[in-house]
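Each remark here refers to the structure printed beneath this line.
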Amino acid sequence: MSCIRFHLNGKTVEESRARPSITLLDYLRVHLGLYGTKEGCAEGDCGACTVVIGDPGAPGGPVYRAVNSCLLLLGEAHGRHVITVEGLAEGEVLHPVQEALVRHGGSQCGYCTPGVVMSLFEAAHRADFDRPWKLADQISGNLCRCTGYGPIRDAAKEVAGCQPPDRYAVLLSDGPAGPGESFRYTGEGQEFVRPRRLEDLWDALDSDARCAVAGGTTDLVLDAKQPARTIGRLVSLSGIEELRGVEKGERRWSIGAMTPLAELEEAAEEGLPMLASMLRYFGSRQIKNLGTVGGNLCTASPVGDLAPCFLALGASVILASRGGRREISIDRFFTGYRETALQPREIVASVAVPVPRENEIGAAFKVCKRRELDIATVSAAFLIELGNEGKISGARIAFGGMAATPSRAPSVEATLLGSEPSSASFAAAAAAIDSDFEPIGDHRGSASYRGALARNLVLEFGDSIEMRGGEAK
Amino acid sequence: MRPTTPLHRPHPHESARLHVTGGALYVDELPEARNARIGLIVPAGVAHGRVVRIERSRAESAPGIDAVLLASDIPGEALIGPIAHDEPVLAGDEVRYAGQPIALIVGESLEACRDAAGLMRFEIEELPATLSIAAAIAEESFFGDPHIIRRGDVEAALESAQTRVEGELSTPAQDHFYLETQAALALPLEAGGWQIFSSSQNPTEVQQLVARTLGVGRHRVVCDVPRMGGAFGGKESQGALFACLAAIGAARIGRPVKLRLTRREDMAMTGPRHPFWSTYEAGFDRDGLIQAFKVATYADGGFSLDLSPAILSRALFHLDNSYYIPTLRFEGRICRTHKPSTTAFRGFGGPQGMAVIEDAINRFAERTGRDPTSVRVRNFYGEAPRDRAPYHQRIPEPRLSRIHSELSADAEVESRASEIAVFNAGSLHVKRALAFQPVKFGIAFTNRILNQAGALVHVYRDGTVQVNHGGTEMGQGLHTKMQVVCADELGIPLDNVRVMRTSTGKVPNTTPTAASSGSDLNGQAIADACAKLRARLGPVAAGMMGRACDEDLCFEGDRIATTDAERSVPFHEVAMQAWLERVSLSATGYYATPGISYDIEAGRGCPFFYFAYGGAFVEVALDGRTGRHRLLRVDILHDVGNSLVPSIDRGQIEGGFLQGVGWLTCEERIESPDGRVVTLGPSTYKIPAAGDAPRELRIRLLDRAGESRTIGGSKAVGEPPFMLALGVVTALRQAVAAFDGRTASEVELRLPATPESLLRAIETRAG
Ligand SMILES: Cc1cc2nc3c(=O)[nH]c(=O)nc-3n(C[C@H](O)[C@H](O)[C@H](O)COP(=O)(O)OP(=O)(O)OC[C@H]3O[C@@H](n4cnc5c(N)ncnc54)[C@H](O)[C@@H]3O)c2cc1C
Ligand code: FES
Ligand code: FES
């Protein structure tokens, strides 16, 4: 009989009965009676449930990642190293991040605090705080209704990158892609399968069971139409090493579908700044630690953030199935509202992204009600090519939030082609938005606001080019 | 200040170590809750309707289900409520808002309950629903009579005013979004007794309403509050319903039952801050002095009365904010609609009231091209006759001018204003603005009866102390302050004082922890108890030191000493000696705030004990392309009297300010046309995140500010800073106006000032 086995604060937990799709949060609280980890929303949007997991597969070696335990399936915890707020202090001695929060007055009601502690735990072990926004990003996923954040910010600043002694360090290299066979588990009639190799995936997918592919599960867990508990078999991609990672070719990057967004963000900083700037305001640190590139495309949300960038960059999507691989242009990947070109039993294996050439200029924008941790009202990505005469010789411009799928703006592109990169040209291009889109109104913004935003983002992009004097970088 | 007292010094929150280690327990997590069955509330799902039939038998026989309860299963009274008893514990014949609880399912797990809920069938005949203030006014659907406050002939004064400004203002609802959702646990005890644990600001009311719902005497019910994961007013009255539901479930199955709402349930079932709609006319003379102010305001009360009359009163009492108004007429009404009952929320109507006069001043300044800060300062309360509030209470020593001038210097206002002008001249698509916001906030419950508190202090023979008081801890640091007060009063170390969880069995007949008055009231009650203990311990100590038993002694540094400091004995030895001499080591304390009265018919009286003051300078940057803004720098100077614990007060100021920013800028509660809340979670309802906090925030507590009649000379701090956020609106309006440079024209900005609303304001002016 198989069981889910993982390290929790250094001790081994074994579970052989529970349904694999219950969230780690529910498992901690309801099954284990470990109440330190809080539930503030159960939808990934407040951070009260934040725990830390070890990620042995990160490019620079094993790292800790803060994640929302309300979005992590119990099955996914198998083989992992999980740390919760209870695992930090040693007796009466507080961990440095706890100590800093106490000293700065970082807790009032204390309900958000365990999540904040775990976000700061990741911060303490990160070594890449080279820009101030990274620290802001680190705590963007932890809502606090009491403190006004100042004390939390101060504590974060103090502990960021401090590399405190870590008594769990030896466990850090345990993870889903560790040694061994495919992992299979059944609990309360629900199956969880985590193959190690792509070849083993097809067998798992080929069954009759109502089956779902699990990426980072940040969407899957919340899917109202098909709640995770009603899925017969969950097939996790997280054990398949070849699906993860960013390969930076000179002309083209290959981005594995299972690359966590946080890893892509880091990679994109050098080479694809457009993508990096979009990822800065993608969800929160926790969401980016869990969510994957493939999941973001396959969920096919009209306001998915990566899609406009990939559309503007002219990416293609590599699909894989038992029959082999095929490559299709991202332009043909989204086929309708929340529909994609994926065939049954086919997965996205990677995304191929051409690196902008010297004479290409790109930028991406995302506007939402709240700057951080919010879904876009409208997002936009631009890539224009400047020809020999300094005229615009190529334009790929895409929007999210303007139509049922993330979409290119053909009239805007056509208006720009052949013209000077001047404010007059971008004004004309902005006016063409209305021929490309008839956006809808919803709680994120009215139709007219969306239209106005899209036009203004074209102007904004125009300005940014003017400021560079029309020179590609 | 005595050398060893913890008073007036910074301290971490008394539970901080527990918070950061995960050891702080909330209702859902108490050891007593471990074997409890789970309750799930089924909402009616229609805003207004007649209940025709409810089919529950399939749910009752579903696996893991103990019971399904309907209104007819309530053992005692079916109606509860804090003022009027007009809220059904479960909807009976009529449904009056979409989230209204109509059935309670009790089972072994939440999942089992959810499955069973899917098996229930409801036949509800939908009736026309009143879903807005406008609709309520049209249908004359109100609670009670209008509340009117007047002074002089307002029509004549408006007529003769040099400039007359008319306006209309809607202020939005706001969900409390306490991080811990509503929760309750009910344990049936032997002999018909009940232990209730509730995430409530008002355990006495929970005790009372549970007793009523169960049909038993209040002496059978004890309600404890361990701590709350935030409340902000949302658990002043509205926690009781869930405690009553847990209790009827537990009564039915004879086992403990616990309830903790999901975020969605909480946001659908409980009510937010009252939205207000106001129309006004304001008259100004040629110096920009307000001559007359006439306001008609309507609050959306939702389906039941809840605390609305008190909230409306406080709104009317704060229509003046910091400004003297010679002639006025304020009229307010509460609308009855088919929505969740709106309730207390930090400021309790005060913010909604102040927003109106701030809007009038903004429009006046915009229309006449005056500097809005000067208009505000000029209109401050001052010497007689400019020292009478609209309700005729005298405003003694308003600290407004002092706050303004000190803060202007702190915030380097002059140099920054010119920097901003230069920036704006050179920036096409981003504009900055700097605005000033003063706040005067009346402290006391406007309902006289509520201004009382009790405490119970036990000294143990080892000299350690337990303090019980009537206040509840929701994160505001009340327990920390009370621990400090007690340690100071007895002259013992902070570590030797333990603040116990609030219990109606320890301190009975308490009033809610609200109106920012928790430390004012309970601090005095604790001081009273400690005075009694000192009076008993003194003679014992004197005897031990061979002094006369009526000699004045000094309680200091864990010792009791003669005033000449010649002799002293350790506190714990005195405690032991007192016991040996059979002197009681336990005392109750009591406090009733003096001198509060208000005649609602006449609209006159002294509803407040004193006033708290504050001021803020707020600088914003607004992006004209997207409507997004940033708070660049905020300077706050706040009058908290002689702060009991400055670190706690700063936390209240910072947190309160940002919550106000949320109310005014990003929190948008959206309802469907049929009256359902659409924004049911943080994915759609956006409270401020870390990135929304001001880039730079400087907070200073006003010095030389001790208040004469309060505990330790301190002043209340929970609510007043919330309203400083109104300065963000003024600043944003100025930034909007800066885009076209036109002077003498008003800005049309809908609240909350979301990016969409701001972009529309900019575009409206552009034509
Ligand atoms: C709080 C919160 C904030 C968010 N913020 C943003 C945001 O700012 N911007 C944004 O765009 N999105 C956001 N999202 C949505 C979501 O996090 C992202 O879309 C994320 O990239 C999804 O990736 P995942 O790996 O978690 O997907 P999963 O949930 O694992 O999968 C999503 C869907 O895709 C399928 N799938 C996953 N991987 C593959 C694959 N390789 N091949 C085939 N099918 C696959 C799954 O079966 C599922 O149907 C947010 C979500 C939450 C909860
Ligand atoms: S509970 Fe809110 S993010 Fe998980
Ligand atoms: S301390 Fe209360 S929510 Fe953060």
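The values are calculated or read from the model by the stated rules, or taken from the named source; none is laboratory data. All values derive from a computational prediction rather than experimental measurement. Cβ placement follows ideal geometry from the backbone for every residue including glycine, while neighbour counts extend to all protein chains displayed. To get the accessible areas, we keep the full protein, side chains included, count just its heavy atoms, and leave off ligands, DNA and RNA. Shrake-Rupley method; radii C 1.70, N 1.55, O 1.52, S 1.80 Å.
Straight distance only, please: which aspartates and glutamates reach the Cα of B:Lys506 with their own Cα at less than 19 Å, same-chain residues fewer than 8 apart left out?
Leaving aside aspartates and glutamates fewer than 8 places away in the same chain, those within reach of B:Lys506 are B:Glu32, B:Glu205, B:Asp224, B:Glu473, B:Asp528.
Regarding region A:183-240, what are the three Cα extents along the principal axes, ordered largest first, in Å?
Dimensions of region A:183-240 along the principal axes of its Cα atoms: 31, 22, 18 Å.
What length, rounded to one decimal in nm, is gained on full extension from B:Ala535 through to B:Gln162, with 0.36 nm per residue of separation minus their alpha-carbon distance?
Length gained, B:Ala535 through B:Gln162: 127.9 nm.
For helix A:447-467, what angle does its Cα long axis make with the longest principal axis of chain A, in degrees from 0 to 90 and rounded to 10?
In chain A, helix A:447-467 runs at an angle near 70 degrees to the longest axis.
When DSSP assigns beta bridges and you keep just the ones with both residues in chain B, what percent turn out antiparallel, to the nearest 5?
Looking only at bridges with both residues in chain B, the antiparallel portion is about 80 percent.
With label points built 7 Å along Cα→Cβ from the Cα atoms of A:Leu459 and A:Trp202, find their separation and express it in nm.
5.5 nm
Given the protein chains as shown and a 1.4 Å probe, how many square angstrom of A:Leu88 are accessible, to the nearest 10?
Here the accessible area works out near 10 Å².
Which loop chymotrypsin sites (Phe, Trp or Tyr not before Pro) in region A:318-422, with loop taken from DSSP, have no more than 11 other Cβ atoms within 10 angstrom of their Cβ?
Here the chymotrypsin sites (Phe, Trp or Tyr not before Pro) that fit, given the DSSP loop and packing criteria, are A:Tyr337.
Tell me: how much accessible area in total is hidden between A and B, 1.4 Å probe, Å², nearest 100?
5600 Å²
Divide by every residue of chain B the summed helix terms, -39500 (n - 2.57) for each DSSP H run of at least 4, and state the resulting mean residue ellipticity at 222 nm, rounded to the nearest 500 deg cm²/dmol.
After summing the helix terms and dividing by residue count, I get -8500 deg cm²/dmol.
Roughly how crowded by other chains is peptide B:689-701, in terms of the mean Cβ count from those chains within 10 Å of each of its Cβ atoms?
Counting other chains' Cβ atoms within 10 Å and averaging over B:689-701 gives 6.
Any idea what the relative contact order of region A:183-240 is, in percent, if you count C-alpha pairs under 8 Å spaced at least 6 apart?
45 percent
Keeping the other protein chains in place, figure out the carbon and sulfur percent of the accessible area of the protein assembly as shown, with a 1.4 Å probe.
Looking at the protein assembly as shown in its full context, I get 50 percent from C and S.
Report the per residue volume, in Å³, of the convex hull enclosing the C-alpha atoms of region B:651-719.
Dividing the Cα hull volume of region B:651-719 by its residues yields 133 Å³.
Over chain B, give the accessible area per residue in Å² for a 1.4 Å probe, as an integer.
Per-residue accessible area for chain B comes out at 33 Å².
What distance in nm separates the two pseudo spin-label positions at A:Ser173 and A:Asp223, each 7 Å out from Cα along the beta-carbon direction?
Here the answer is 3.6 nm between the modelled labels.
So if I place +1 on the C-beta of Lys and Arg and -1 on the C-beta of Asp and Glu, and nothing else carries charge, what would the dipole magnitude of the protein assembly as shown be about its Cα centre? I want it in debye, nearest 20.
In total the dipole reaches around 680 debye.
With every protein chain kept in place and ligands, DNA and RNA left out, what is the accessible area per residue of chain A? Probe 1.4 Å, answer in Å².
Value for chain A: 36 Å² per residue.
Going 7 Å from the Cα of B:Asp495 in the Cα-to-Cβ direction, what parts of region B:458-486 have a backbone nitrogen less than 15 Å from that spot?
B:463-465
May I ask you to list the lysines whose Cα is less than 26 Å away from that of B:Lys686, ignoring any residue fewer than eight positions away on the same chain?
B:Lys686 reaches A:Lys38, A:Lys134, A:Lys157, A:Lys225, A:Lys288, A:Lys366, A:Lys369, B:Lys235, B:Lys339, B:Lys431.
Divide by every residue of chain A the summed helix terms, -39500 (n - 2.57) for each DSSP H run of at least 4, and state the resulting mean residue ellipticity at 222 nm, rounded to the nearest 500 deg cm²/dmol.
-7500 deg cm²/dmol
What is the spread of the Cα atoms of chain B along each of their three principal axes, largest first, in whole Å?
81, 79, 49
Give the relative contact order (percent, whole number) for chain A; include only Cα pairs under 8 Å separated by 6+ residues.
Relative CO of chain A lands at 11 percent.
List for region A:57-98: residues with 40 Å² or greater reduction in accessible area, all protein chains versus chain alone, probe 1.4 Å?
When all protein chains are present, A:Leu94 each give up 40 Å² or more of accessible surface.
State the volume of the convex hull built on the alpha-carbon positions of region B:104-227, expressed per residue in Å³ and rounded to an integer.
With only Cα atoms used, region B:104-227 gives 268 Å³ per residue.
Averaging sequence separations of C-alpha pairs under 8 Å and six or more residues apart, then dividing by the length of region A:357-472, give the relative contact order as a whole percent.
23 percent
Roughly how big is chain B's charge dipole about its Cα centre, with Cβ charges of +1 (Lys, Arg) and -1 (Asp, Glu), in debye to the nearest 20?
Once rounded to the nearest 20, the dipole reads 520 debye.
Quick one: Debye curve from the C-alpha atoms of the protein assembly as shown, no solvent, what's log10 I(q)/I(0) at q = 0.04, 0.07 Å⁻¹?
Debye output, listed in q order: -0.23, -0.72.
Picking from A:Gly271, A:Ser435, A:Leu386, whose Cα lies most toward the positive end of the charge dipole for chain A (charges on Cβ: Lys, Arg +1; Asp, Glu -1)?
A:Ser435
Using DSSP to define loop residues, name the trypsin sites (Lys or Arg not before Pro) in region B:1-77 whose beta-carbon has at most 14 other beta-carbon atoms within 10 Å.
When the trypsin sites (Lys or Arg not before Pro) of region B:1-77 are filtered for loop state and at most 14 Cβ neighbours within 10 Å, B:Arg34 remain.
Between B:Tyr460 and B:Asp552, what is 0.36 nm times their sequence separation minus the Cα-Cα distance? Round to one decimal in nm.
Between B:Tyr460 and B:Asp552, full extension yields an extra 30.8 nm.
If you take the square roots of the eigenvalues of the alpha-carbon gyration tensor of region A:4-171 and sort them as a ≥ b ≥ c, do you get rounded (a/c under 1.5), prolate (a/b over b/c) or oblate?
Since a/c reaches 1.5 and a/b is larger than b/c, the shape of region A:4-171 is classed as prolate.
Across peptide A:361-372, what mean number of C-beta atoms from other chains lies inside 10 Å of a residue's C-beta?
5
So what are chain A's ellipsoid semi-axes, whole angstrom, largest first, if each one is the square root of 5 times an eigenvalue of the alpha-carbon gyration tensor?
Taking √(5λ) for each eigenvalue gives 38, 27, 20 Å, largest first.
Per 5 Å bin from zero, what fraction in whole % of the C-alpha pairs of region A:357-472 is there, up to the bin with the longest pair?
P(r) over region A:357-472, rounded to whole percents: 2, 13, 24, 25, 16, 11, 6, 2, 0, 0.
Across the residues of A:30-43, average count of Cβ atoms on other protein chains within 10 Å?
Counting Cβ atoms of other protein chains within 10 Å of each residue's Cβ and averaging gives 6.
What are the GluC sites (Glu not before Pro) within region A:1-110 that DSSP puts in a loop, where the Cβ has at most 16 other Cβ atoms within 10 Å?
A:Glu92
Could you estimate the translational diffusion coefficient of region B:190-290 from the Stokes-Einstein equation, with Rh from the Kirkwood formula over C-alpha pairs, at 4 °C and 1.567 mPa s, in whole µm²/s?
81 µm²/s
In nm, give the distance between the simple-model label positions of A:Ala127 and A:Thr299, each being 7 Å from the Cα along the Cα-to-Cβ direction.
So the label points at A:Ala127 and A:Thr299 sit 3.2 nm apart.
So between A:Ser435 and A:Ser448, what do we pick up on full extension, going 0.36 nm a residue minus the alpha carbon distance?
Length difference between fully extended and current span is 3.3 nm.
Cα-based Rg of region B:338-462 per 2.2 N^0.38 Å, rounded to two decimals?
Dividing the Cα Rg of region B:338-462 by 2.2 N^0.38 Å gives 1.54.
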